[in-house]
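To keep things clear, I will list the structure first and then write my remarks on it.
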Ligand SMILES: [Zn+2]
């Protein structure tokens, strides 16, 4: 199906509700933002694949100069909207992919340990464990426990070549639809750029300025405890 065909499938009603969903996601992010605080622990080494180069964040005006936690709270909320739209489209139009997903979901429910589910948006999609510290190795990791629990499940029955081809075709349609919805959502998000920018100016920038001022003081202190300078 073409992008235009996919568009015809969701029609005016769902388009309006996409707009409502984006408005609500931005509102939820705005309500959360005043509680955001700069991370005081050692920064992560790994980059976040959801946020790095995200067109959603570009549309929102949350560039690389904005702390990752602030970006992540937005990108995750918006991703949820896209995921739901694609899930709805799949349920209505892509029966093979849907039954594959149902089977997967069934297996997931049977799994005993699912630490990555039901997290608040600020934590969803992030690595489950802190970066490994070579001086203090972990006895176990949450990701490791989850992988063990997943490995204990029996393998899915193999698909025939025809079924595989049909499934691939449906996956491509789902991808196409996800891109379509993603572009739509980005266009909607652009209407919120100013309020998002204002919120960052109000709640994020002062905290970063304060942190930098603290850092500058901490660096000055060892050499200049009384403010006299250290010239002889
Ligand atoms: Zn992120």
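Exposure proxy check: 76, 20 ranked by fewest other beta carbons within 10 Å? Don't skip to the answer; put the middle values down first.
On the way: 76 23, 20 12.
By the 10 Å Cβ count, ascending, the order reads 20, 76.
At 7 Å along Cα-to-Cβ for each site, give me the label-to-label distance between residue 179 and residue 214 in nm.
With each label placed 7 Å out from Cα toward Cβ, I get 4.5 nm.
Tell me the Kirkwood hydrodynamic radius of the range 71-130 in angstroms, computed as one over the mean inverse distance between distinct C-alpha pairs. Write out the running numbers ahead of the final one.
Details: mean 1/r = 0.0750 Å⁻¹.
This gives a value of 13.3 Å.
Please give, to one decimal in nm, the separation of the simple spin-label points placed at residue 191 and residue 110, each 7 Å out from Cα toward the Cβ.
Spacing of the two 7 Å Cα→Cβ label points: 4.6 nm.
How large are Rg and Dmax for the range 16-109 when only the alpha carbon atoms are used, in Å?
Looking at the range 16-109, its Cα Rg and Dmax stand at 16.4, 48 Å.
Classify the range 43-94: rounded, prolate or oblate, from the alpha-carbon gyration tensor (a ≥ b ≥ c, eigenvalue square roots; a/c under 1.5 rounded; otherwise prolate if a/b is larger than b/c)? Numbers along the way, then the final one.
Values: a/c = 3.16, a/b = 2.26, b/c = 1.39.
In terms of gyration-tensor shape, prolate.
Does the range 173-216 come out rounded, prolate or oblate by the C-alpha gyration tensor, with a ≥ b ≥ c the root eigenvalues, rounded set by a/c under 1.5 and, if not, prolate when a/b is larger than b/c and oblate if not?
Details: a/c = 7.82, a/b = 2.67, b/c = 2.93.
Because a/c hits 1.5 or more and a/b fails to exceed b/c, the range 173-216 counts as oblate.
Would you mind calculating the gained length between residue 52 and residue 87 on full extension (0.36 nm times residue separation, minus the Cα-Cα distance), in nm to one decimal? Working shown, then result.
Working: separation 35, 0.36 × 35 = 12.60 nm, distance 2.40 nm.
Gain on stretching residue 52 to residue 87: 10.2 nm.
Order 199-206, 158-165 from most to least packed using the mean count of other Cβ atoms within 10 Å. Could the numbers behind the result be given before it?
Details: 199-206: 14.9, 158-165: 9.6.
Result, highest mean Cβ count within 10 Å first: 199-206, 158-165.
Can you figure out the FRET efficiency of residue 23 with residue 198, using R₀ = 22 Å and their beta-carbon distance, to the nearest 0.05? Let's see the in-between values first.
Values: r = 16 Å, r/R0 = 0.73.
Computed FRET efficiency for residue 23 and residue 198 comes out at 0.85.
Read-outs throughout are calculated quantities, based only on the coordinates presented, and are distinct from any laboratory measurement. All values derive from a computational prediction rather than experimental measurement. Using ideal geometry, Cβ is built from the backbone for each residue, glycine included, and neighbour counts are taken over all protein chains shown.
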